[in-house]
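Heads up, the thing below is written out as structure tokens.
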Amino acid sequence: MGPRGSGPSAKCRQYHRLQLLQSYTDGPLAMALLGALLLALLAGAHAELPGCKIRITSKALELVKQEGLRFLEQELETITIPDLRGEEGHFYYNISEVKVTKLQLRSSELHFQPEQELMLQITNASLGLRFRRQLLYWFFYDGGYINASADGVSIRTGLQLSQDPTGRMKVSNVSCQASVSKMHMAFGGTFKKVYDFLSTFITSGMRFLLNQQICPVLYHSGMVLLNSLLDTVPVRSSVDELVGIDYSLLKDPVVSNDNLDMEFRGEFFPLVEGDWSFLNQAVEPQLQEEERMVYVAFSEFFFDSALESYFWAGAFRLSLEKLPKDLDMLLRATYFGSIVLLTPAEIDSPLKLDLRAIAPPRCTIKPTDTTISITASVTIALNPPHLPEIQLSRMIMEARLSAKMALRGKALRTQLELHRFRIYSNQSALESLALIPLQAPLKTLLQIGVMPLLNERTWRGVQIPLPEGISFTHEVVTNHAGFLTVGADLHFAKGLREVIEKNRPANSRDAQAPSAPPLSTAAA
């Protein structure tokens, strides 16, 4: 027998396999598969990386719940219940002017639920009510005000969070189930026994109406009032007179059992170029920690886009026309050979020093430190009045600045310090040697005259995308390879009610929330 697979049957099998493979590669199925693969590759190639990420952990939910429940209590106290009229035999009743007087939320839980939801569950709550009664039994009439209570109130509501077309986070839907297990009315007076017998009809109707009113109030609170709070989060706004920042969400927030993760573009842009865009090739920031209430991560791209925006906006240009006396004398001595050939008026004219970045600075984040590298041209010239400048020298300056980041309130601030500095000539090595005596005095000039100007601007900071009234406390900055993270706790500097009232949409009290849920979803 020959070797295995060498007979005619093996050749036939191989031929059929080739025919089958060709039929797959030539058919419409193959074209569809290749098209899907190509689309997947293109999508992966064009997926935009975030420059900033924010993680809200479950540690923050207790604080958010406390503030949210205070707001919710005030909203539920605004419930309006329509008048209740009816008759049973010879008993006629009219209940009107129903108002919620007291709300007690005894047990509540706020937690994350995967699929973009934040769930709030309230059990065994109670409502205090006061209303006007008008009762007629045969020929006997009774009227006045009466107190009632609704016990065993249960509410389960979920907020679905998503990205709107402008890149802002919104409450896109509110799910709700609510029920009232029992009601009690404190009838009194001459007809107390009659009322106790007939109150079943009233309490049943009141409980039904109350069931139907709770969820519409919660739906309006989420879709209108909470969205007005989210409208205070900066999406695309100016930082100062030169640059702006884009905090658009790149995709819907991702909710797990323990965290809410958001990815933002985190890109600066020069205001004169509103549609400016930079290519993000930096390392994507990662958030792994869960010990603090909130974590914010910034990639090198976040800072590089800021530096490049300021570069194109002309911020890295500086002219110093009043130099220290000792530096002035040193420069005149260094360039004495060029100055002595000028006219007396030009010789006595003041010196001027121009600094101009010749390329956008770059930020490098390492686990040990954060540095900013800048290359600039330094031009030394005489500046005679009413005459053109006389250039004496043009050199290259390379500087490395150490940057310390801090999060204060809700602003990311930066403190810069000149770490390394050198100047050289790009014309000749001999001229570079002649510049060595200028190294120390020019470095001192930068530390005294330039660095305070830079730090004044960088310490103003840039706002982090948080709603109005919320800030960070107890911040800790941690460096990683290519990005840094800030862990912090949250603090409500203003109450939700105060911020929402300030930003409440016009006529929101009377307007119905868009696409309000049907009443059947309000009653469990």
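A few notes on this one:
- Across the accessible surface of region 118-171, with the other protein chains kept in place and a 1.4 Å probe, carbon and sulfur atoms take up 55 percent.
- Environment charge of Val180, counting only residues whose C-beta is closer than 12 Å and scoring Lys/Arg +1, Asp/Glu -1: +1
- Taking Lys and Arg as +1 and Asp and Glu as -1, the other residues whose beta-carbon sits under 15 Å from that of His111 total -3.
- Carbon + sulfur, % of accessible area of region 235-334 - ligands and nucleic acids excluded, 1.4 Å: 50
- Hits among aspartates and glutamates - C-alpha to C-alpha of Lys443 under 17 Å, sequence gap 8 or more where chains match: Glu321, Asp326, Asp328, Asp354, Glu398, Glu417
- Sequence-distant lysines (8 or more away, or on other chains) whose Cα lies within less than 17 Å of Lys65: Lys494
- Spin-label model distance (nm) - Ser238 vs Asp328, 7 Å beyond Cα toward Cβ: 3.7
- Of the accessible area of region 403-459, computed with a 1.4 Å probe over protein heavy atoms only, carbon and sulfur atoms account for 59 percent.
- Normalised by the number of residues in region 84-132, the mean separation of alpha-carbon contacts (under 8 Å, six or more apart) gives a relative contact order of 40 percent.
- Within-14-Å neighbourhood charge of Glu97 [Cβ basis; K, R +1; D, E -1]: +4
- If the segment from Glu431 to Glu346 were pulled out straight at 0.36 nm per residue, it would be longer than the present Cα-Cα gap by 28.3 nm.
- Averaged per residue, region 247-343 has 51 square angstrom of accessible surface, using a 1.4 angstrom probe with ligands and nucleic acids left out.
- Length gained when the stretch Asn455-Gln288 is fully extended (0.36 nm per residue, less Cα-Cα span): 57.0 nm
The values are calculated or read from the model by the stated rules, or taken from the named source; none is laboratory data. Given the structure is predicted, the values throughout are model-derived calculations rather than measurements. Please note: Cβ atoms are built from the backbone with ideal geometry, for glycine as well, and neighbour counts cover all protein chains shown. To get the accessible areas, we keep the full protein, side chains included, count just its heavy atoms, and leave off ligands, DNA and RNA. Shrake-Rupley method; radii C 1.70, N 1.55, O 1.52, S 1.80 Å.
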